[in-house]
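Step one of this worksheet: look at the structure below.
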Amino acid sequence: MDLISAADVEMRAPHGPQQWGPWTLNKRTKCLVIKPYPNKTSYEIALREITTLAEMVGWIDHISQKTWPTDPTTATWTNEEMVAGLVHALLYNVEWRGMLSTRRA
């Protein structure tokens with residue numbers, strides 16, 4: 001897989017406070033939601049369960065390995081768009097700056 005920057009991927013969906021590419025925020029459940037295929041079940045990531053940077057990176061890695069966009073006749077988004085949108089959504093919605101340690105050994 002070629003590495004690309006999230007900024008290099010054009011988000012096809014309208015940007016707004018609740019949508020990042022294919023990802024939307026369910027305010028009630030505090031979950032990021034993606035619907036990888038039309039008329040199929042959605043996939044959710046519970047933001048309240050992301051408490052460390054390692055967990056945040058783990059979700060990015062997990063989604064990057066999904067094979068949802070391999071069939072162009074049913075896939076709505078490319079893998080790159082799904083990952084880039086997730087990165088944007090996580091940076092916007094997770095208090096990741098507070099996860100950075102300022103202590104030195």
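Of all residues in the range 77-105 being in a helix (DSSP H, G or I) and small (Gly, Ala, Ser), which is modelled with the lowest pLDDT? The qualifying residue modelled with the lowest pLDDT is 98. Annotation for the range 16-24: no member residue is in a helix (DSSP H, G or I), out of contact with any Gly (no Cβ under 8 Å at 6 or more places or on another chain) and either at pLDDT 80 or above or of a type outside the set (Lys, Arg) (or both). Take the conditions (1) small (Gly, Ala, Ser); (2) surrounded by fewer than 11 Cβ atoms within 10 Å (Cβ to Cβ); (3) modelled with pLDDT of 90 or more; residue 46 misses just one of them, which is (2).
If you filter the range 32-62 down to residues that are outside any strand (DSSP E or B) and touching a strand residue (DSSP E or B) at 6+ places or on another chain (Cβ under 8 Å), you find that the one that is nearest to residue 82 (Cα to Cα) is 36.
Could you list all residues from the range 23-44 that are among the aliphatic types (A, V, I, L, M) and touching a helix residue (DSSP H, G or I) at 6+ places or on another chain (Cβ under 6 Å)? Lay out the reasoning, then the answer.
Initially, the range 23-44 is screened for residues among the aliphatic types (A, V, I, L, M), giving 25, 32-34.
Within the range 23-44, 32 is the sole residue that qualifies.
Where residues in the range 50-76 are modelled with pLDDT under 85 and among the polar types (S, T, N, Q), which of them is nearest to residue 99 (Cα to Cα)?
Narrowing the range 50-76 to residues modelled with pLDDT under 85: 67-76.
In the following step, the residues that additionally are among the polar types (S, T, N, Q) were identified as 67, 70, 73-74, 76.
On the way: 67: 30, 70: 34, 73: 40, 74: 38, 76: 33 Å.
Here the residue is 67.
The values are calculated or read from the model by the stated rules, or taken from the named source; none is laboratory data. For clarity, every value in this text was computed on a predicted model and none was experimentally measured. Glycine gets a Cβ as well: all are built from the backbone with ideal geometry, and neighbour counts include every protein chain shown.
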